[in-house]
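S.K.: Could you have a look at this structure, given as structure tokens, before my questions?
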């Protein structure tokens, strides 16, 4: 069994120059496989709204849905470092709600930390969470929960003014107590600058190779979707066609009566037809 990561250990990976791997997990079976493959951090992302629940954005995802899936991930990977994503509406209303909801991830789902989106406007909330004993990962750049305010799902920080603001936000989140920072959809050079500017690890998703680690939606990595794939995603295999072909073959065999065959059926020790008188 792989050694369980800690907040201190993850922060130490940056100092040691060790890259951090993070992948999303939404259920016990996938969590178990990712943990066995030695992924450093499992993120129960609110992306489950689109990936698993069929919503058209992350906004409708509720705390109860997040706790449900985070609990499953913990059961599947009892020794993994698990991060729960604070859904929209769970922390914006104030520090008290943030602490109550963040505490649910730890108490009810067994998470090790939470992640929340936002820059300067969430720093006091981050500090309150940390003071309450809840470890926090920040998230700046493209923030999906407020993507419409950012002009849609597009690269952030391309001009000097917005890049300077992101540097300011990264510094502020570190000062507020975040132990790591997700950087989403930024120019690779800005990813490098932010990584050098702060002492806590940066985890990139579409933010270039210079970040201290990387995160992807596992379903994207596995090629589970064959419609829209973000340009920064590398699919390491193409499972969608394989799954469709397997299901099509199952349909053919069931409908033709060739499945189940003798190999996949149970036999009795006596002639049941005679014993049952039929």
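The values are calculated or read from the model by the stated rules, or taken from the named source; none is laboratory data. The model shown is predicted, which means the values in this text are computed figures rather than measured ones. Quick reminder, even Gly has a Cβ in these numbers, built from the backbone with ideal geometry, and neighbours come from all protein chains shown.
S.K.: Is at least one residue of segment 59-76 at pLDDT below 95 and in contact with a helix residue (DSSP H, G or I) (Cβ under 8 Å, 6 or more places away or on another chain)?
M.R.: Taking every residue of segment 59-76 in turn, at least one turns out to be at pLDDT below 95 and in contact with a helix residue (DSSP H, G or I) (Cβ under 8 Å, 6 or more places away or on another chain).
S.K.: Okay, next question. Which condition from (1) at pLDDT below 95; (2) closer than 23 Å to residue 34 by Cα; (3) over 16 Å from the mean Cα position of the chain (by Cα) is the one that residue 211 breaks?
M.R.: Evaluating residue 211 over (1) at pLDDT below 95; (2) closer than 23 Å to residue 34 by Cα; (3) over 16 Å from the mean Cα position of the chain (by Cα) leaves (1) as the failure.
S.K.: Tell me which residues, restricted to segment 42-64, are crowded, with 17+ Cβ neighbours inside 10 Å and over 22 Å from residue 142 (Cβ atoms).
M.R.: If the condition is that a residue be crowded, with 17+ Cβ neighbours inside 10 Å and over 22 Å from residue 142 (Cβ atoms), then 63 is the only one that fits.
S.K.: May I ask you to verify whether residue 188 is closer than 30 Å to residue 73 by Cβ and free of Cβ contacts under 8 Å to residues at least 60 places away in the same chain?
M.R.: no
S.K.: Does residue 98 count as surrounded by 15 or more Cβ atoms within 10 Å (Cβ to Cβ), over 19 Å from residue 145 (Cα atoms), modelled with pLDDT of 95 or more and touching a helix residue (DSSP H, G or I) at 6+ places or on another chain (Cβ under 7 Å)?
M.R.: When the stated conditions are applied, residue 98 does not pass them.
S.K.: Which residues, taken from segment 105-124, are crowded, with 23+ Cβ neighbours inside 10 Å, without any contact (Cβ under 8 Å) to a residue 60 or more places away in the chain and not in a strand (DSSP E or B)?
M.R.: Listed by number, the residues that qualify are 105, 116, 117, 122.
S.K.: Here's something else I'd like to know. If residue 159 meets every condition in (1) touching a residue at least 24 places away in the same chain (Cβ under 8 Å); (2) at negative phi apart from one, which number is that one?
M.R.: The failed condition is (1).
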